[in-house]
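What follows is a set of notes on a single structure, which appears directly below.
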Amino acid sequence: MQNYIIERVEEIAKYILSTKATLRSTAEVFMVSKSTVHTDMTVRLKEVDIDLYESVREVLDYNLSERHVRGGESTYKKYKQIN
């Protein structure tokens, strides 16, 4: 793996840990695709730093478990503004 990829992976992982951000919002901040962030955090980070991977995995799992709640709130706000 090339050095710039390793640096990006570590930087994104630290950002997710510090902000508890979702993959989508992280991708916007780092101006990469959501798929790139997902691959970096689930595949590449495991090769770079297993302890950091496990910490990030907890945040990602939490965000995944809350996804349906966030979607419901977003839909509620959208239709509340229309009426």
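Can you check what the net charge comes to around Phe30, using other residues whose Cβ is under 9 Å from the Cβ of Phe30 (Lys, Arg +1; Asp, Glu -1)?
Every neighbour counted, the sum reads -1.
Glu7: net charge of surrounding residues, Cβ under 15 Å, Lys/Arg +1, Asp/Glu -1, itself excluded?
Around Glu7, the surrounding residues sum to -2.
Among Ile5, Ile16, Gln81, whose Cα projects farthest towards the positive end of the dipole of the chain, with charges put on the beta-carbon of Lys, Arg (+1) and Asp, Glu (-1)?
Gln81
Just grab the label-to-label distance for Met31 and Asn3, each label 7 Å out from Cα along the Cβ direction, in nm (one decimal).
About 2.2 nm, to one decimal.
Can you tell me which of 42-53, 11-22 comes out highest on packing, and rank the rest after it, using the mean Cβ neighbours within 10 Å?
Packing order, densest peptide first, comes out as 11-22, 42-53.
Just from its helices, what would the mean residue ellipticity at 222 nm be for the chain, if runs of 4 or more DSSP H residues each count -39500 (n - 2.57) and the sum is divided by every residue, rounded to the nearest 500 deg cm²/dmol?
-26000 deg cm²/dmol
Please compute the Kirkwood hydrodynamic radius of the chain from all pairs of different C-alpha atoms, in Å with one decimal.
After inverting the pairwise mean of 1/r, the radius is 13.7 Å.
Kindly flag which residue pairs out of Lys14/Lys80; Lys14/Lys34; Lys20/Lys78; Lys20/Lys77 have an alpha-carbon separation exceeding 26 Å in this structure.
Lys14/Lys80
Show which aspartates and glutamates lie in cross-link reach of Lys46 when reach means a straight Cα distance below 18 angstrom and same-chain residues fewer than eight apart are skipped.
Candidates past the 8-residue exclusion: Glu7, Glu10, Glu11, Glu54, Glu58, Asp61.
Just so you know, all these numbers are worked out from the coordinates, no wet-lab data involved. In this text, all values refer to a predicted model and were calculated from it rather than measured experimentally. Cβ sites come from the backbone with ideal geometry, for glycine too, and all protein chains shown count toward neighbours.
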